[in-house]
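Notes follow once the structure below has been shown.
Rule-based calculations on the coordinates, nothing more; no lab input. If you're wondering where the values come from, they're calculated on a predicted model, not measured in any experiment. Ideal geometry is used to build each Cβ from the backbone, glycine not excepted, and the neighbour counts take in all protein chains shown.
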Amino acid sequence: MAVAIIPLSAHAESITNWSFLGGQVGPEWLINGQFKSAADMGGLRIIAESDVNVFRKLQTEHGVDAVEITYLSLQKTEAALIWHLPGTPENEVVQLPISFAASTVPTTKRIDAGRYEEWIRHPDVVGLRLGKGSDIQIIQIRLIGWNTQEKVWNALQSYWTFDTMSPYSVNFLWGPVFTGSPITRTTLYTDLPPKGLYANIVWYALLLLAGAVAIAWAKIFKQRRQSTLAFVMIAGSIWMLSDIRMGAEIVSYALHDIASMNVDNPRDQRFRERASFPAFIHAVAPLVADRGRYVFLTQYPYPFLGLMRYHTHPALPVGPEAAADGLDTWVIFARGDIGMNEAGQLTSEGKIVSPPGRILLEFGPDTFVFRSGT
């Protein structure tokens, strides 16, 4: 059975679905390079012994704005989305670097291809380039296109999509931003600067156009008062819309704070930029009070390191290199790469970093206090 090609018609989007389920891959798919492959009911597994290209010719009636790849992989895999521009030499392809996170359950990588200048909505070849050492099982690839009405609707939604309050909010705000892609809209303010069109550019262009029309109208029809009034009404409407939009964003900050603080368990409170750290410090302080020094590890030292120094004084947080001096207490905050093996030792990316011990406080899956030798 060949790989299924299923064009779908729906109100939300146009989709071409290439499914690798069922154990067979049709002849329209080409794979070059040195590799081992296995096609079974769960999809197409490729083990790359060199750089490998997996591609096919593309003939779709709808344009393509986004690509979704559902996969399994035991390791992080560096790859690239590749495509060919019609009319260019066959051996020249455009590639967009992408990364597949390790996942033992079906996971979908969503790529907003339309964000990139090199992308065209109707490439004639599309596929993946896998680096040497890759080991990935591809379950399906979906090509998604949105029509004009859908893009306009997404742009309107993105205009009313708010950022969260951050330290930079004191000086400036990223929004509002127009984007026609629902993929970009869902991560609008997590991938900075936002990928989209700054809304004020649209308003400035509209004001310039309205001003030019008003001046021409006044000169041609000798209606200076009416044209001036029309321009003022347009400018006032844009100003009121912008004021409502920005005011709503400020209100959203307060609503977020109220919701994150109005909880029964202090551990569930989430502060701006500090998450549950205040509750964590409160729980940690008694555990290190009789230690002169302790190892403290977190992803970003600021502001957490300074807060630990203040709230656990006179106990002093130090780096992991000081563990060689016999320190037995490790305080870990938001470090998913650090865990404990079966022997009771702390590990970081598979490497042992401490003697055997036990967990004194388990605050979360990546946040805990460990003490060795007990």
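Averaging 1/r over each pair of different alpha-carbon atoms in the chain and inverting the result gives 25.6 Å, the Kirkwood hydrodynamic radius. The HN-Hα couplings worked out from phi for region 138-154 by the Karplus form 6.51 cos²θ - 1.76 cosθ + 1.60 (θ = phi - 60°) are 8, 9, 7, 10, 10, 9, 10, x, 10, 7, 4, 4, 5, 5, 5, 4, 5 Hz, whole numbers, x standing for Gly and Pro. Annotation for region 275-292 versus region 126-146: alpha-carbon center distance of 45 Å.
Take 100-107, 260-267 and order them by the average number of nearby Cβ atoms within 10 Å per residue, most first; the result is 100-107, 260-267. With K and R counted +1 and D and E -1, the other residues having a Cβ less than 15 Å from that of residue 124 yield a net charge of -2. Pairs from the table (151/219; 76/195; 36/109; 109/132) lying more than 28 angstrom apart at Cα are 151/219.
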